[in-house]
Every structure is written in C-alpha cells, then in structure tokens.
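Each remark here refers to the structure printed beneath this line.
Values in this text are rule-based calculations from the coordinates and carry no lab data. Remember, predicted model here, so these are calculated numbers, not experimental data. Cβ placement follows ideal geometry from the backbone for every residue including glycine, while neighbour counts extend to all protein chains displayed.
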Amino acid sequence: MSSPRPLRFVHQGRVQSVTGLPPTTTVLQYLREHARCAGTKEGCAEGDCGACTVLVGELDADGDALALRNVNACIQLLPMLDGKALLTVEDLGDSTDLNPVQQALVDCHGSQCGFCTPGFAMTMQAIYERHQADGTRPTRQDLADDLAGNLCRCTGYRPILDAGERMFDAPIRLLDRGPIVDALRELQHDAPLHYEAPSRAGTPQRVFAPRSLDDFAALREAMPQARVVAGATDVGLWVNKQQRELGDVILTGRVEELRRIDTTTVTGSDRASERVTLRIGAAVPLEEAWAALTAHVPALRELWLRFASPPVRHAGTLGGNIANGSPIGDGPPALIALGARIVLRRGATQRTLPLEDFYLDYMKNALQPGEFVEALEVPSPPPGTRLRGYKIAKRYDSDISAVCAVLSLRLEDGVVRDARFAFGGMAAIVKRAAKAESAVTGRAWDEAAQAAAARALDEDFRPLTDLRASAGYRQRVAANLVRRFWLETRANAPIAAEAGSVWQAVNLRRSVA
C-alpha cells in the first residue's frame with residue numbers, strides 16, 4: 001500500500017495540492033468555501049438543476065488531447081478530481097472580454113435573475129468546444145437535448161437556445177488547452193492516489209484510486225468493508241442529503257481496464273447471423289456506454305436521451321448503475337431484455353451470471369465480500385428480434401421512472417420463438433415478466449397474444465403505490481405498454497422504423513420554437 005499524498009489537480013491554470021479536507025468534500029464546496037470561486041452556484045445539491053455545472057478535463061486515450069465533460073460539482077467528491085483538470089465559469093472571458101458563449105447569452109437576453117447562468121454557460125462551452133473540434137453545428141434539438149440537465153425558471157429557454165445557435169456565428173475562440181495538457185502530463189507521474197484526512201465527523205478516512213485492474217482487485221479483496229465509488233451520482237446524495245459517513249473509499253475511475261468498451265463479433269454461416277457482443281467495463285461513463293448500445297440497438301435511443309441528464313451521464317457509470325440495483329433504474333431493464341451477463345471479480349477469480357440473476361431482493365444483490373462488478377457483456381439482438389424501450393415519468397427530461405419497460409421478442413414466420421419483457425418500477429427489483437413471456441411464446445404475434453401477455457402481468461407483478469405512481473396506475477401502464485409494443489411491431493405496423501418514429505415525433509413536439 002502506497003504512502004498517503006495530497007490530492008493534485010489542475011485549477012486556475014496551475015496544479016493545486018490539497019490536504020486536510022474531508023474526503024467527502026464536494027467539488028462545489030471546495031470551489032465556494034476554499035478556492036473562493038463563487039461563480040459556480042449551489043441550487044439543489046443533488047445533481048438536478050445544473051447551477052453548479054463545471055467542466056472536468058482528462059487526457060484522451062493517446063495522451064495528446066484534452067477531453068472535456070460537463071458534470072455537476074455538487075455531487076462530485078473532491079478526490080475524484082485527482083489527476084484531472086477543473087474548469088469553472090471563471091475560466092471563460094471576463095466582463096471586459098466576453099467569449100462567444102457569454103457574448104451570445106448577453107446578445108440573446110439568455111439571462112434574467114442570473115442564478116442558473118454560470119451552469120448554462122459551462123454546458124454551452126462544452127457544446128461549443130465539441131462541435132468546433134468536429135467541424136459540425138448542432139441543431140436546435142441537439143442543443144435542447146444537451147441542455148436538459150440545466151434548469152432555468154426565468155427565460156423559458158427560447159433565448160438560451162437562441163444563444164446556443166448564435167455562439168457559432170462569432171469567430172472561433174476555444175479554451176487554451178495547451179497549458180492544461182502539459183499540467184495533466186505532469187500529474188501522470190504521480191503515484192496512485194492514497195489520500196487520508198479526517199471525515200466530517202472527525203474519524204480517520206482513506207481514499208484509494210488504483211490504476212490497474214489487478215491492483216484494484218487486490219485492494220478490494222483486502223478491504224471488503226470499503227465503499228466502491230464510481231461516478232458518485234448516487235453516493236453524492238448520501239453525503240449531501242443524508243449526511244452519511246462513507247468510511248474508506250476505493251475509486252474506480254482511474255482503472256483503464258474498467259473504462260474500456262471491447263467488441264467481439266461472431267459470424268455464422270451467413271452474414272445475417274453475425275452477432276456482436278459488447279463488453280462494457282464497469283467504469284465506462286453512462287454517456288459512452290449508451291452510445292455504444294444504441295449503435296447496435298437504435299430502438300434504445302429514446303431511453304438514452306431520457307436517462308438522467310447529460311451531466312449525470314458524463315459522471316455516472318453503467319457498472320455503478322447496475323451495481324446500485326435500484327428497482328426504478330433505467331439501465332437494468334434494457335440490459336436484461338438484451339440478455340446481458342454481468343462479470344464479477346474477487347481477487348484473481350472471475351464469475352459470470354445472467355444479469356437478471358444478480359438481483360436478489362430490494363437493494364440486495366449477489367456480490368460476495370471483496371467482490372466487484374468488472375464488466376457487462378451485452379449481445380446484439382439475433383435476427384428477427386423486435387425491441388422497444390419505454391420510460392414513463394412525470395417529466396420528459398431528467399426524471400425518475402414510474403415504469404420503465406424494455407420489451408423484446410424474436411419472430412420466425414410471424415411466430416414468437418423467444419420473448420424477454422423486463423420491467424423497472426413494478427417490483428422490489430428490476431425483473432422479467434415470466435408469465436407474460438410465456439403467454440406469447442410459441443404463438444402468432446397478434447392482438448390475442450398481446451392481450452394474453454397484458455393480462456398475465458397481473459400474475460407477474462404486485463407493484464407498490466408511492467409518490468411517483470399508484471399501484472393501479474403502474475399495472476395499467478404496463479399493460480398499455482405491451483399493447484403499444486404490439487402496435488409498433490406487428491405485421492404492417494403503422495409505426496415500423498426500428499429507430500422509433502415515435503421518438504422522432506415526441507422530440508419534434510419537445511422542440512422550442
């Protein structure tokens with residue numbers, strides 16, 4: 001075990017060294033209370049409003065360029081910044097020399113009370129940097145989707161979207177990345193993080209960030225009581241809202257093997273039987289994981305866009321979402337419907353099991369002491385598969401599901417040969433609707449079959465009533481989703497586009513004039 005050292009990251013143009021602060025200090029608290037950078041605002045302190053949006057920079061896989069992502073500072077723990085760069089609204093232009101993002105917000109009257117404006121400016125800066133680097137220009141809908149994690153209650157969004165379009169009309173002015181890249185290269189020579197400081201309660205607390213999978217596995221086996229933290233998009237709320245102590249923490253974000261997406265292709269006797277399996281490392285950010293999934297299964301695109309918000313997807317990981325095991329999580333239904341398997345590891349020992357077998361009861365899973373999630377293996381659907389994903393929530397963007405359903409079946413000559421109906425929000429865990437699947441398997445995919453499946457859901461689930469929905473509402477919605485699935489996938493269906501013309505229509509309705 002290495003010796004303790006300070007946290008080291010790039011901020012305000014130089015490498016910062018931090019000691020003595022509690023390991024659960026958030027990036028937002030550091031900025032406002034210690035760095036005296038008050039431009040970043042605190043709103044909800046739970047990753048919903050985006051007022052605290054900052055940019056986090058890392059070297060790309062080749063170590064040559066800077067990769068930026070916008071995240072919520074309120075639920076990022078300060079040790080997660082180690083070896084990275086932090087950019088805030090203070091790093092943009094000032095009142096005498098506004099940059100294109102700021103100038104466009106001024107010109108288009110994109111700010112009224114101004115509280116949310118720094119967060120919008122940082123997300124827009126991320127959009128600006130990405131599209132200028134690609135030589136592309138976002139559509140108005142692209143801007144709306146990218147800004148879904150930033151809330152404003154004054155402007156009504158139209159002038160902010162106007163500013164998002166206007167900022168590309170000015171001469172190109174990107175952030176000065178060279179000094180940041182040089183500083184990050186310097187930080188690469190630091191030893192893996194081992195940080196020690198008193199917790200908020202005054203008890204000793206340690207944070208480790210191994211850089212190899214073997215080191216991570218050995219540390220996890222030696223410290224089975226430690227808390228494994230990936231993106232902290234859930235754990236951050238434990239700290240902010242519940243004032244919970246985390247004890248020792250092991251971070252996943254510096255293990256390169258856990259941040260990879262690998263593809264395996266198996267080709268049968270003909271081209272049509274080619275199957276692709278994605279192996280998604282547990283520390284792959286949600287945004288990258290869902291991009292890979294939807295490249296192979298376009299029908300999941302709407303679920304991707306509605307999965308939390310861009311800042312949460314940039315910080316959170318698919319492995320963390322799966323290990324969390326929330327019964328209303330949107331990741332497990334999609335992966336279970338696709339027949340995903342979860343790879344678990346303890347020390348040098350690996351085991352693999354179907355994802356639906358990983359969940360045992362409410363917030364209980366099959367992880368053994370010292371074991372962790374290493375990867376998810378997701379096969380592409382076989383030929384003849386019809387798949388759709390549906391999310392029902394009170395808000396369209398950035399909301400928690402009342403019901404999430406991902407329904408898949410494989411047809412041969414119009415007959416259902418296999419069905420996988422996975423539901424979230426209907427039980428103590430995300431689970432398959434076994435009775436409904438049985439009701440359609442071996443039958444023609446017709447109205448009678450879907451009606452039988454809808455009725456069988458009453459035997460599969462006994463949902464709860466809570467603040468998001470009543471049990472009766474959930475039961476009726478689930479049945480209606482089965483019917484919608486049939487309407488979209490039946491022979492001569494009026495809605496037949498695999499990418500989901502329903503998704504396209506909904507997004508057109510969401511567009512702001």
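Antiparallel as a % of all DSSP beta bridges within the chain, to the nearest 5? Roughly 90 percent of the DSSP beta bridges within the chain come out antiparallel. Net charge near Ser309: determine it from the other residues with C-beta under 13 Å of the C-beta of Ser309, scoring Lys and Arg +1 and Asp and Glu -1. Charge balance near Ser309 sits at -4.
Taking R0 as 35 Å, what FRET efficiency do you get between Val106 and Arg14 from their Cβ-Cβ distance, rounded to the nearest 0.05? Each step should come with its number before you reach the end.
On the way: r = 29 Å, r/R0 = 0.84.
Efficiency at R0 = 35 Å is approximately 0.75.
Across the range 260-510, the volume of the C-alpha convex hull divided among the residues equals 132 Å³ per residue. So what does log10 I(q)/I(0) come out to for the chain at q = 0.13 Å⁻¹, using the Debye formula with one equal point on every Cα and no solvent? Here log10 of I(q) over I(0) equals -1.33.
Cβ under 15 Å from Val89's Cβ, Val89 left aside: what net charge do those residues give with Lys, Arg +1 and Asp, Glu -1? Taking every other residue near Val89 into account, the sum is -3.
DSSP beta bridges in the range 165-297, what fraction antiparallel, as a percent rounded to 5?
On the way: 12 of 17 bridges.
Expressed as a percentage, antiparallel bridges in the range 165-297 total about 70.
Length, then width, then depth: along the principal axes, the Cα atoms of the range 100-166 run 33, 21, 16 Å. Using the Kirkwood formula on the Cα atoms of the range 170-226, what hydrodynamic radius do you get, in angstrom to one decimal? Kirkwood hydrodynamic radius for the range 170-226: 14.8 Å.
So, by mean Cβ neighbours within 10 angstrom, what's the order for 102-113, 300-311 with the highest one leading? Intermediate values should be presented prior to the final figure.
Numbers: 102-113: 18.5, 300-311: 24.2.
The peptides rank, most packed first, as 300-311, 102-113.
I need the trypsin sites (Lys or Arg not before Pro) found in the range 112-183, filtered to DSSP loop residues with at most 10 other beta carbons within 10 Å of theirs. Kindly include the intermediate steps, with their values, before the conclusion.
Numbers: sites: Arg130, Arg140, Arg153, Arg166, Arg173, Arg177; in loops: Arg153, Arg173, Arg177.
For trypsin sites (Lys or Arg not before Pro) across the range 112-183 that sit outside H, G, I, E and B with at most 10 neighbouring Cβ atoms in 10 Å, the list reads Arg153.
Roughly how many Å is it from the Cα centre of the range 463-477 to that of the range 293-320, as a whole number? Measuring centre to centre over Cα atoms gives 25 Å. Of Arg410, Arg474, the sequence from fewest to most neighbouring Cβ atoms within 10 angstrom is Arg410, Arg474.
Treat the count of other C-beta atoms within 10 Å as a stand-in for reagent exposure and order Lys391, Lys364 from fewest to most. Please list the in-between numbers first.
On the way: Lys391 23, Lys364 11.
Lowest count first: Lys364, Lys391.
Among Gly339, Ile280, Gln102, flag the residue with its Cα farthest along the positive direction of the charge dipole of the chain, charges on Cβ as +1 for Lys/Arg and -1 for Asp/Glu. Ranked along the dipole, the leading option is Gly339.
Under 30 Å from the Cα of Lys391, which lysines turn up, not counting those fewer than eight places away in the same chain? Leaving aside lysines fewer than 8 places away in the same chain, those within reach of Lys391 are Lys241, Lys364, Lys431, Lys435.
Legend: ranking of residues Ile127, Ile400 from fewest to most surrounding C-beta atoms inside 10 Å; resulting order Ile400, Ile127.
Calculated from the alpha-carbon coordinates, the range 343-427 shows an Rg and a Dmax of 16.5, 48 Å respectively.
Mind ranking 4-11, 242-249 by how tightly packed they are, going by the mean number of other C-beta atoms within 10 angstrom, highest first?
4-11, 242-249
Give me the dipole magnitude in Debye, nearest 20, for the range 100-166 about the Cα centre, with unit charges on the beta carbon: positive for Lys and Arg, negative for Asp and Glu.
Numbers: 6 positive and 8 negative charges, 36 e Å.
Computed charge dipole of the range 100-166: roughly 180 debye.
Under conditions of 25 °C and 0.890 mPa s, the range 203-279 yields 162 µm² s⁻¹ as its translational diffusion coefficient, taking Rh as the Kirkwood radius over Cα pairs in the Stokes-Einstein equation. Annotation note: trypsin sites (Lys or Arg not before Pro) in the range 32-81 located in DSSP loop regions with a Cβ neighbour count of at most 15 within 10 Å are Arg36. Take every pair of alpha-carbon atoms less than 8 Å apart whose residues are at least six positions apart; their mean separation over the length of the chain yields a relative contact order of 12 percent.
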